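A.B. asks: To start, I am sharing the structure in question, which I have written as structure tokens.
The values are calculated or read from the model by the stated rules, or taken from the named source; none is laboratory data. Not measured: the values here are computed from a predicted model. For neighbour counting, all protein chains shown are included, and Cβ atoms are generated from backbone atoms with ideal geometry for every residue, glycine included.
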Amino acid sequence: MGSATQTLVLGGGCFWCTESVFLQVRGLTQVESGYSNGQAPQPTYEMVCTGTSGHNEVVRLEFDPQHISLTELLEIFFVIHDPTTLNRQGHDVGTQYRSAIYCTTSEQLQAAQAMVQALDAAGDFSKPIVTEVKMLSNYARAEEYHQNYFAKNPGQGYCLAVAAPKVAKFKKTFARLAKP
């Protein structure tokens with residue numbers, strides 16, 4: 001019998017970009033765009049875009065720890081976005097674009113906190129990491145048109161300018177973790 005999957009939710013700016021990378025990663029059984037850690041019970045894209053719902057654009061990852069570790073997922077996460085900018089990624093500005101790791105177990109929470117501390121201590125980034133590390137709360141799946149957005153809209157300007165370079169960076173940096 002196979003191992004049980006785990007769930008981890010990451011906020012790395014626009015979910016289209018984050019999702020486009022994690023869809024390329026082996027060992028993931030599901031990648032889904034959504035919203036989390038806000039107050040509204042049933043957030044919509046329009047609501048989240050205003051920044052008033054408190055939600056973050058995230059990707060929900062289900063993974064098999066026998067094939068990819070939490071550490072490897074977090075390593076990818078820290079390479080594909082800037083964890084030192086508060087409430088922004090590039091031109092995307094607002095609390096809905098905050099860098100975040102939302103955990104589903106206390107073990108994940110401890111491991112994520114330890115990784116942030118280690119990266120800060122090592123000086124891997126020129127500024128302190130501002131990534132929010134919390135337990136997952138109030139998750140909602142994003143509307144269907146957001147799912148697999150980059151694959152469905154590869155010629156869209158934002159995808160060409162932002163998502164495509166992130167996918168290329170992942171494939172170059174983490175070739176061993178990429179799907180064949």
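A.B. asks: Taking the residues in the range 6-19 that are within 24 Å of residue 180 (Cβ to Cβ) and modelled with pLDDT under 95 as candidates, determine which candidate is surrounded by the fewest Cβ atoms within 10 Å (Cβ to Cβ).
C.D. replies: 16
A.B. asks: Right, something else. If residue 45 meets every condition in (1) within 17 Å of residue 8 (Cβ to Cβ); (2) in contact with a His (Cβ under 8 Å, 6 or more places away or on another chain) apart from one, which number is that one?
C.D. replies: With respect to (1) within 17 Å of residue 8 (Cβ to Cβ); (2) in contact with a His (Cβ under 8 Å, 6 or more places away or on another chain), residue 45 is out only on (1).
A.B. asks: So which residues in the range 47-63 are touching a Leu at 6+ places or on another chain (Cβ under 9 Å) and either buried (at least 20 other Cβ atoms within 10 Å of the Cβ) or modelled with pLDDT under 95 (or both)?
C.D. replies: First, pick out the residues of the range 47-63 that are touching a Leu at 6+ places or on another chain (Cβ under 9 Å): 58-63.
58, 59, 60, 61, 63, listed by residue number.
A.B. asks: Quick one: residue 89 ticks every box in (1) among the polar types (S, T, N, Q); (2) buried (at least 17 other Cβ atoms within 10 Å of the Cβ); (3) more than 20 Å from residue 172 (Cβ to Cβ) except a single one, so which number is it?
C.D. replies: Condition (3) is where residue 89 drops out.
A.B. asks: Same structure, new question: Can you name the residue in the range 6-32 that is without any contact (Cβ under 8 Å) to a residue 60 or more places away in the chain and not aliphatic (A, V, I, L, M) and, of all such residues, is nearest to residue 89 (Cα to Cα)? Let's see the steps before the verdict.
C.D. replies: Start the filter on the range 6-32 by keeping residues that are without any contact (Cβ under 8 Å) to a residue 60 or more places away in the chain, which leaves 22, 28-31.
Next, only the ones that are not aliphatic (A, V, I, L, M) stay: 22, 29-30.
Details: 22: 17, 29: 27, 30: 24 Å.
This residue is 22.
A.B. asks: Touching a strand residue (DSSP E or B) at 6+ places or on another chain (Cβ under 7 Å), surrounded by 14 or more Cβ atoms within 10 Å (Cβ to Cβ) and farther than 22 Å from residue 25 by Cβ, is that true of residue 130?
C.D. replies: Details: touching a strand residue (DSSP E or B) at 6+ places or on another chain (Cβ under 7 Å): yes; surrounded by 14 or more Cβ atoms within 10 Å (Cβ to Cβ): yes; farther than 22 Å from residue 25 by Cβ: yes.
Yes, satisfied.
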